[in-house]
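One structure is given here, and the rest of the page talks about it.
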Amino acid sequence: MQAEFDLHPLAVEDASHGHQRPKVDEYGDSLFAVLHIVELHEHDAEVAELSIFAGPNYVLSVRKGTEHGFIAVRERAEREPELLRHGSGFVLYALMDNVVDRYFPVVDALEVELEKLEQRIFSGDSAKANIQELYDLKHKLMVLRHAVEPLIEVTHRLYGGRVPQVCMGTQDYFRDVHDHLLRVSQALDGLRDMVGTAMSVNLSMITLAENEVTKRLASYAALVAIPTMIAGIYGMNFKYMPELDIPWMYPAILALMAALDVYLYGRFRKAGWL
Amino acid sequence: MQAEFDLHPLAVEDASHGHQRPKVDEYGDSLFAVLHIVELHEHDAEVAELSIFAGPNYVLSVRKGTEHGFIAVRERAEREPELLRHGSGFVLYALMDNVVDRYFPVVDALEVELEKLEQRIFSGDSAKANIQELYDLKHKLMVLRHAVEPLIEVTHRLYGGRVPQVCMGTQDYFRDVHDHLLRVSQALDGLRDMVGTAMSVNLSMITLAENEVTKRLASYAALVAIPTMIAGIYGMNFKYMPELDIPWMYPAILALMAALDVYLYGRFRKAGWL
Amino acid sequence: MQAEFDLHPLAVEDASHGHQRPKVDEYGDSLFAVLHIVELHEHDAEVAELSIFAGPNYVLSVRKGTEHGFIAVRERAEREPELLRHGSGFVLYALMDNVVDRYFPVVDALEVELEKLEQRIFSGDSAKANIQELYDLKHKLMVLRHAVEPLIEVTHRLYGGRVPQVCMGTQDYFRDVHDHLLRVSQALDGLRDMVGTAMSVNLSMITLAENEVTKRLASYAALVAIPTMIAGIYGMNFKYMPELDIPWMYPAILALMAALDVYLYGRFRKAGWL
Amino acid sequence: MQAEFDLHPLAVEDASHGHQRPKVDEYGDSLFAVLHIVELHEHDAEVAELSIFAGPNYVLSVRKGTEHGFIAVRERAEREPELLRHGSGFVLYALMDNVVDRYFPVVDALEVELEKLEQRIFSGDSAKANIQELYDLKHKLMVLRHAVEPLIEVTHRLYGGRVPQVCMGTQDYFRDVHDHLLRVSQALDGLRDMVGTAMSVNLSMITLAENEVTKRLASYAALVAIPTMIAGIYGMNFKYMPELDIPWMYPAILALMAALDVYLYGRFRKAGWL
Amino acid sequence: MQAEFDLHPLAVEDASHGHQRPKVDEYGDSLFAVLHIVELHEHDAEVAELSIFAGPNYVLSVRKGTEHGFIAVRERAEREPELLRHGSGFVLYALMDNVVDRYFPVVDALEVELEKLEQRIFSGDSAKANIQELYDLKHKLMVLRHAVEPLIEVTHRLYGGRVPQVCMGTQDYFRDVHDHLLRVSQALDGLRDMVGTAMSVNLSMITLAENEVTKRLASYAALVAIPTMIAGIYGMNFKYMPELDIPWMYPAILALMAALDVYLYGRFRKAGWL
């Protein structure tokens, strides 16, 4: 097949090896494109690769690591036959557009994930799980960004400046792909920024929680320490401690202890320490 | 309508779908612009979209998600008819100028919000609410930045370099819009920087508050522990403890306890621990 | 006046409205420049605006919000008449140079402020006040940066590339202004970097102070807890506690308590806990 | 040798001195390239230098500080003789490609290292060792980045724009090297970002661990303080304490103490404090 | 002298005033260069200025604030007379090369300083001194970066693009200076990054140290609290406490206290709390 279509050996090597970054390389009058398809899992994001060879009169695509097909692209081509007169450039566009359009639901899913996390962070729940999920989220964002960023500059070259022969006449379409990529990229930048902020917010909430735990503990400690001190005083062995001989003094002291604790409890409550 | 004005299908699709980022695309001799109108709410900022089709002799605008109209633009056009001789370029400018001018009160409102937050942060009040509001503020800034940043480069292309046909003769006006966007952008950058700083200041204040709580607690603990220790000593059961037989010793010890506590209280006060 | 000098309505509007960012706009063969004059106050930095209209044979300047005049510029022009033959370009330069030269003492004042703060931070004093002053300092830096940064690119256009007619023959002078702005900008970047670092240093010092408070408190707690425990032991009511009958045991135990505390105090002191 | 091949004295000096940054300098019609070979050790990354002189009809290479040879390059050249007709440009490419391909296993090793660290961080183990290893990891990343970053711009100049004579006809190959470098660079950026995040996650985990230690300690303190308080109360010396005369009161109080502790233990457990 | 060599008044003013940022300005067919010589002190880095006027047939240099001379440059010129035929461009190069070569030992000294600090940070020693020294180190880096960064762009203009007349024929030499500056700059960027990381590592170590102090304190507190509780129980005044009458009970209880403490000490030790 390499011989039949006169594909460049470096491009064929890239397509069969995989693990390329997204790019569009020109080889003479044909283009070799690599796109990343990103699929979200609970703790990770997986990348599948789509390699496309586009020459003046052919488009070959090679999928790696995804079940997802491109029937929609074929259907679209059949639905809008007048567009097919643009030739292989339009097919290349349709494939890229299809891949790029799949980024949007991924971004949406990540935004929903962040919103859920925000609620949990501000409610002060499960700080530990939040840290891990923010970390995972950051990682997924990185995977998506690595799929999107390199394409931005690349698609720009397909409609502005010296446009490759294959894309002639379809520049408006590639600009549209470029616009979509910029939108994804902007959303990713925003998400990334907010995830970073959410991380530092989480740390602040943890520190704040520590303050509150400290206050609560100290309050309870006080409720125990005060009666202990009073009991200690009346445990002293002085010969002349007149209170010790008063019959109602014992219940009175117990009552005093209880009263002090009730009073302190109230004050701590009011101060928001308990 | 698409047929009548010969609008490009991609532009029409963008205008009807919405969720575009701000941009100005050239289609032949006509322009398609998307602008974001930002409206502030208490916890969020909402974005409405204005799509504008500007050809040599027509300007169409489509609003999405806002009640806000553009009567002011029409009134201005009628008030300054000599400007209308610049044609549809001037109407495009008037619409953009109107949208951009609405960013300033939003920026002002965010600056007022930050100032209020700063006061609360430095007074040490409601650290938790501050975190949440700083986070919300950061989010609103992001929404506004996403509306403004893409337009900066875009408006630059409307007065510098190869100017689109529609904008010929009104470059000075688009440069003015560009200047205003740069001003908004600079204010946003400043706000963003200060919000980040305010967040780390808030964390410092929380840590500082913890120091102060720790000191206060320890002070009170000392006020209780010292009498408890003294009471413990006189609670020992040694046969020969001469103090125990001295009649004035009990009140003397109580006085000593009180005196020690008063002294300690004074010292803690002076050291700023209480 | 607008009519007499044929000033562009947009420029006149900018000059009378104020609140512009620093810029130099070309309108035909004349220039409209906006410069910021920054004056420091204790907690803030204030911005005054200087608008300059420079045409082939006139220079108009409008001040807003400052008492500071430009007599020095007039004196310089009279002192170096040979320079005036460069025309209005030289007067524009002299005004800009005067404004830019006023940035240096502001930068110096901010550097002195930071040095004072550094000393206080490292001495561990007044952490709270330090936070606030660092925040204020950061804000002042931002105001100054917003005055300086936009001018850097702007002055570059006055001596490199396509130079406006008005500035012809005085490029070397505008390059000198550009050099000065770069110097201010570099100093501001340095200051900004060090302020950020000082903020995180302050947080580290606060956390460190907490460590030290915790250690000190624990040391004092130990000095009280040990005698309390010993007293508790001799407060037990066992019938057969031979020590209780030894006459010198009570003072011996008191001495033991004291000895233990002296020993512990020494160890804590040596360990740097007290 | 310098004379025989007419090498530029500055290039010869660079090659013999070593400690150069990666670069490709043109001297007339010959190229002088410096590449870094990075080898990982447990706590560090070591850099060896490869200097290459490539003229129209010769390629000289000088290794410094590595045992690693380039037999593979020679073998490849012999295996694909048709490529050798591209001349010394192809040999230069083969050497560069060999060096760049060695970066991938280093990146992989660092990714594995980070993953191991992530697991340890989230399990809360050995926070101190984690900090040190993250620091070492960051340092290794820096060494690798300093090897890779300068080459990116440099290889770009070997296939785009004005291509040096030596590289004519092999541009596609140098673009392939450039693509590989971009991939390494992207992976490094991602790693760097995640290492930074992992560091702040580690700090959050430490702070969180402190919260948990504080809670646990306070729980145990309560389990001891409550019985101590009760014991203190029944250690008071009041004449009229009716409970003291009830025979089953002593075991009952002991049982009460035990019951309170069991109850508290249960509650602390449920609250996740123990 | 100004008149004799026809030096530009702005350049002369800069040279005599000092406090310029590094730069190379063209005045007609002569160049005016300002370079910074950086000398390290214990807590600071000092900057001396070297101003160079280089015309077609003369080179003047003015030193400010350093004892360091340029005899080495003169010696080199005499040693390599064939290079002097390149004229004043080569002398300018030799001076710049001499200044730039002095940056390397400064960078090396800062790297050694950082390595020492790293060891102290990871050993957990003297956290306070570490903070201050990291701050000083950061400041020195900034001074050096302010000397180096501006020169990078400046030296680029001396060999690439439109080369000034004076530097014609010596471009390879200025590119060599440029390469050296890039190497210094890369080393500084690395250092700066690692200093920032070391700062956050230091904060993590402080927080970690706090955790350890808290654990140790709590362990010791437990060792005291448990015997105190037991003593309290046997200090109760119940009539019927059968243990109190058993003769071996007192030593048995003391032994129990000791045994519990030994057991707890062992557990705390094993858990790494002591």
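Annotation: D:L182 fulfils all but one of (1) over 30 Å from the mean Cα position of the chain (by Cα); (2) away from chain E (no Cβ under 13 Å); (3) free of Cβ contacts under 8 Å to residues at least 60 places away in the same chain; the unmet one is (1). Sort out which residues of region B:192-229 are under 21 Å from C:Y135 (Cα atoms) and hydrophobic (A, V, I, L, M, F, W, C), and write them in order of number. Matches in region B:192-229: B:M194, B:V195, B:A198, B:M199, B:V201, B:L203, B:M205, B:I206, B:L208, B:A209. What number of residues within region B:156-179 are farther than 22 Å from B:Y58 by Cβ, more than 9 Å from chain C (Cβ to nearest Cβ), in a helix (DSSP H, G or I) and open to solvent by less than 50 Å² (accessible area, probe 1.4 Å)? Result for region B:156-179: 1. In region C:27-44, the residue that is nearest to the other protein chains (Cβ to nearest Cβ) out of those that are more than 17 Å from C:V91 (Cβ to Cβ) and open to solvent by 40 Å² or more (accessible area, probe 1.4 Å) is C:G28. Only a single item in (1) more than 9 Å from chain D (Cβ to nearest Cβ); (2) surrounded by fewer than 16 Cβ atoms within 10 Å (Cβ to Cβ); (3) closer than 22 Å to D:F90 by Cα is not met by A:V12, and it is number (2). Residue count for region E:197-206, restricted to those that are within 7 Å of chain C (Cβ to nearest Cβ) and open to solvent by 10 Å² or more (accessible area, probe 1.4 Å): 2. Taken together, the residues in region C:241-271 that are in a loop (DSSP other than H, G, I, E, B) and surrounded by 14 or more Cβ atoms within 10 Å (Cβ to Cβ) amount to 1. Within the set C:T214, C:T207, the sole residue that is within 30 Å of B:M194 (Cβ to Cβ) and part of a helix (DSSP H, G or I) turns out to be C:T207. All told, E:M194 falls short of being at pLDDT 90 or above, more than 8 Å from chain C (Cβ to nearest Cβ) and closer than 29 Å to D:S219 by Cβ.
For region A:208-256, a tally of residues being farther than 27 Å from D:F268 by Cα and of a type in the set (K, R) returns 1.
Looking at region A:71-87, which of the residues that are of a type in the set (D, E, K, R) and open to solvent by less than 80 Å² (accessible area, probe 1.4 Å) is modelled with the highest pLDDT? Filtering region A:71-87 for residues that are of a type in the set (D, E, K, R) and open to solvent by less than 80 Å² (accessible area, probe 1.4 Å), the one modelled with the highest pLDDT comes out as A:R76. Residues in region C:126-144 that are over 11 Å from the mean Cα position of the chain (by Cα) and of a type outside the set (S, T, N, Q) were compared, and the one that is least open to solvent (accessible area, probe 1.4 Å) is C:I131.
Restricting attention to region C:213-240, which residues are free of Cβ contacts under 8 Å to residues at least 40 places away in the same chain, more than 8 Å from chain B (Cβ to nearest Cβ) and open to solvent by 30 Å² or more (accessible area, probe 1.4 Å)? Correct list: C:I226, C:M229, C:K239, C:Y240. Applying the selection to region C:15-26, what residues are acidic (D, E) and open to solvent by less than 20 Å² (accessible area, probe 1.4 Å)? Passing the criteria: only C:D25. Looking for something modelled with pLDDT of 90 or more, more than 29 Å from the chain's Cα centre (by Cα) and not β-branched (V, I, T) - is there at least one such residue anywhere in region C:61-70? Within region C:61-70, not a single residue is modelled with pLDDT of 90 or more, more than 29 Å from the chain's Cα centre (by Cα) and not β-branched (V, I, T). Pairing residues of region B:128-145 that are in a helix (DSSP H, G or I) with residues that are among the basic types (K, R), at Cβ distances under 9 Å and at least 6 apart in sequence or on separate chains, gives B:A129/B:R120; B:N130/B:R120; B:E133/B:K116; B:E133/B:R120; B:K138/B:R192; B:L141/B:R192; B:M142/B:R192; B:R145/B:R192.
Of all residues in region B:93-111, none satisfies being open to solvent by 50 Å² or more (accessible area, probe 1.4 Å) and away from every other protein chain (no Cβ under 14 Å). Total residues in region D:27-60 satisfying the condition of being at positive phi and at pLDDT 90 or above: the figure is 0.
Scanning region B:145-155 for residues that are open to solvent by less than 20 Å² (accessible area, probe 1.4 Å) and within 13 Å of chain A (Cβ to nearest Cβ) yields B:A147, B:V148, B:P150, B:L151, B:V154.
The values are calculated or read from the model by the stated rules, or taken from the named source; none is laboratory data. Quick caveat, the model's predicted, so the values are computed rather than measured. Note that each Cβ is placed from the backbone with ideal geometry, even for glycine, and that neighbours are counted across all protein chains shown. When the accessible area is computed, the model is the full protein with side chains, heavy atoms only, and any ligands, DNA or RNA have been set aside. Shrake-Rupley method; radii C 1.70, N 1.55, O 1.52, S 1.80 Å.
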